Amino acid sequence: METTWKPVNEGDEGTLSSGEKRSLPDSAFAFPDRRKEPLVDADHVRNAIARFDQVKGVTDKEREQAFGNLKKAAKHFDIDMSETDWHQLGKHPHTDNPTQ
């Protein structure tokens, strides 16, 4: 699946207000169709990686796309991401998607 992530708000770091989050383009999110997990700075990317397996209501296909978006954002923000597949992310990496 094709990645969609593009950098936004270069240099802005910290907490996003709900208004700021609403104003972001879909391409700023790991899960663009659901607008989940904004990837606007290194802290948000690290958080999205740590919480990847906690995202509910998404398909495996969406997880595949989100993983690609995470890899792209991690590279942009110089974050080491050794995982090669989305199944490797989270506290309890899994092969089934328990959130469905």
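The values are calculated or read from the model by the stated rules, or taken from the named source; none is laboratory data. Computed from a predicted structure; not experimentally measured. Here the Cβ is made from the backbone with ideal geometry for all residues, glycine too, and neighbour counts use every protein chain on show.
Return the residue satisfying two criteria in turn: it lies in the range 29-74 and is within 14 Å of Trp86 (Cα to Cα) and in contact with a Leu (Cβ under 8 Å, 6 or more places away or on another chain), and of such residues it is surrounded by the fewest Cβ atoms within 10 Å (Cβ to Cβ). That would be Asp53. In this structure, Glu62 does satisfy being at negative phi and modelled with pLDDT of 95 or more.
Checking each residue in the range 51-72 for being touching a Lys or Arg at 6+ places or on another chain (Cβ under 9 Å) and either hydrophobic (A, V, I, L, M, F, W, C) or closer than 14 Å to Asp33 by Cβ (or both) picks out Phe52, Val55, Gly57, Val58, Glu62, Ala66. If you filter the range 78-87 down to residues that are of a type outside the set (Asp, Glu) and not in a helix (DSSP H, G or I), you find that the one that is surrounded by the fewest Cβ atoms within 10 Å (Cβ to Cβ) is Ser82. Residue check: Lys75 meets all listed conditions (1) of a type in the set (D, E, K, R); (2) assigned to a helix (DSSP H, G or I); (3) modelled with pLDDT under 95 but one, namely (3). Scanning the range 1-28 for residues that are over 15 Å from Lys71 (Cβ atoms), modelled with pLDDT under 90 and exposed (fewer than 13 other Cβ atoms within 10 Å of the Cβ) returns Glu10, Gly11, Asp12, Glu13, Gly14, Thr15, Ser17, Ser18, Gly19, Arg22, Ser23.
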